[in-house]
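Enquirer: Please read through the structure below; I'll follow up with questions.
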Amino acid sequence: MATDESEPRGDRDSGSASDVRPRIGARLRRERRRRELTIEQLAQATGLTKGFLSQVERDRANVSVASLLRICEVLGVRVGDLFDDEESGLVPAADRPAMHFGGTGVRDFLLTPRANRSIQVLQSTVAPGGNSEDDGDPPYRTRSDAQFIHVTRGEFEITLDGEVFLLRAGDSLTFTGRENVKSWRNPSADEDAELLWMLTPSLF
């Protein structure tokens, strides 16, 4: 989470936790064209550069949570609309949809059906040093009533309204989601962080 998204960064190998990254660029491009927006118009509306947005549409740049929310808001789509839908109430372990909710060195899987708007649960693995890439990005807020993080392995650090919370395995954190989320990261140099991140209602 510590790079400036105002410029394209290209592909990067962020370790085992980022090996699975769904491609959403084509869908973003399709939504942009459907609304008859040019890259330049989207850049002006989001405050991101044309070069970076071009890289995102070609799946050649990592996009932070704040920037992805900004793009989707301008395009009038939910983040979840960028991913394949799963209508069944059962989500088998082998069929968990892979998500990419921003950051580097992170792998996210959706554990709840996307059709469920009441609650959303993400299983995340954050590689050592993995982070939200928010340097240069303003803090963001999510439109949720409540969020809950439970760490099952390693350590996870998140900053809310300027307060830093360090969670270790077994620790949990509940917050409204209306706080300014400045950053999150795995502070460990050698151990993955594994956690469950729950939101209500569903963000995407």
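The values are calculated or read from the model by the stated rules, or taken from the named source; none is laboratory data. Just so it is clear, the structure is predicted and the values come from calculations on it, not from any experiment. Every residue, glycine among them, receives a Cβ derived from its backbone with ideal geometry; neighbour counts consider all protein chains shown.
Enquirer: Out of all the residues in the stretch 184-193, which are closer than 15 Å to Phe101 by Cα and not aromatic (Phe, Trp, Tyr)?
Expert: As a first pass, look at the stretch 184-193 and keep what is closer than 15 Å to Phe101 by Cα: 184-185.
Selection gives Arg185 alone.
Enquirer: So Asp59 ticks every box in (1) surrounded by fewer than 18 Cβ atoms within 10 Å (Cβ to Cβ); (2) not in a loop (DSSP other than H, G, I, E, B) but one. Which box is left unticked?
Expert: Unmet condition: (2).
Enquirer: Something else now. Quick check: is even one residue across the stretch 9-17 within 29 Å of Pro128 (Cβ to Cβ), at pLDDT 90 or above and not in a loop (DSSP other than H, G, I, E, B)? Write out each step before concluding.
Expert: We begin by selecting, within the stretch 9-17, every residue within 29 Å of Pro128 (Cβ to Cβ); these are 9-17.
Imposing the further condition that a residue be at pLDDT 90 or above reduces the set to none.
Within the stretch 9-17 (the criterion being within 29 Å of Pro128 (Cβ to Cβ), at pLDDT 90 or above and not in a loop (DSSP other than H, G, I, E, B)), the answer is no, since none of the residues qualifies.
Enquirer: Among strands (runs of 3 or more DSSP E) lying entirely in the stretch 110-174, which contain 1 or more residues that are at pLDDT below 85 and in the same structural domain as Asn186 (by TED's automatic domain parsing)?
Expert: Numbers: elements: 120-131, 146-153, 155-160, 163-168.
So the answer is none; nothing clears 1.
Enquirer: Another one. Within the stretch 83-106, which residues are under 12 Å from the mean Cα position of the chain (by Cα) and either at pLDDT below 85 or closer than 20 Å to Asn116 by Cβ (or both)?
Expert: Going residue by residue through the stretch 83-106, those that are under 12 Å from the mean Cα position of the chain (by Cα) are 98-106.
Across the stretch 83-106, the qualifying residues are Ala98, Met99, His100, Phe101, Gly102, Gly103.
Enquirer: State whether one or more residues within the stretch 145-158 are touching a residue at least 40 places away in the same chain (Cβ under 8 Å), in contact with a Lys or Arg (Cβ under 9 Å, 6 or more places away or on another chain), over 28 Å from Asp59 (Cα atoms) and crowded, with 17+ Cβ neighbours inside 10 Å.
Expert: Within the stretch 145-158, one or more residues are touching a residue at least 40 places away in the same chain (Cβ under 8 Å), in contact with a Lys or Arg (Cβ under 9 Å, 6 or more places away or on another chain), over 28 Å from Asp59 (Cα atoms) and crowded, with 17+ Cβ neighbours inside 10 Å.
Enquirer: Just checking, how many residues over the stretch 105-126 are surrounded by fewer than 24 Cβ atoms within 10 Å (Cβ to Cβ) and in contact with a Gly (Cβ under 7 Å, 6 or more places away or on another chain)?
Expert: 2
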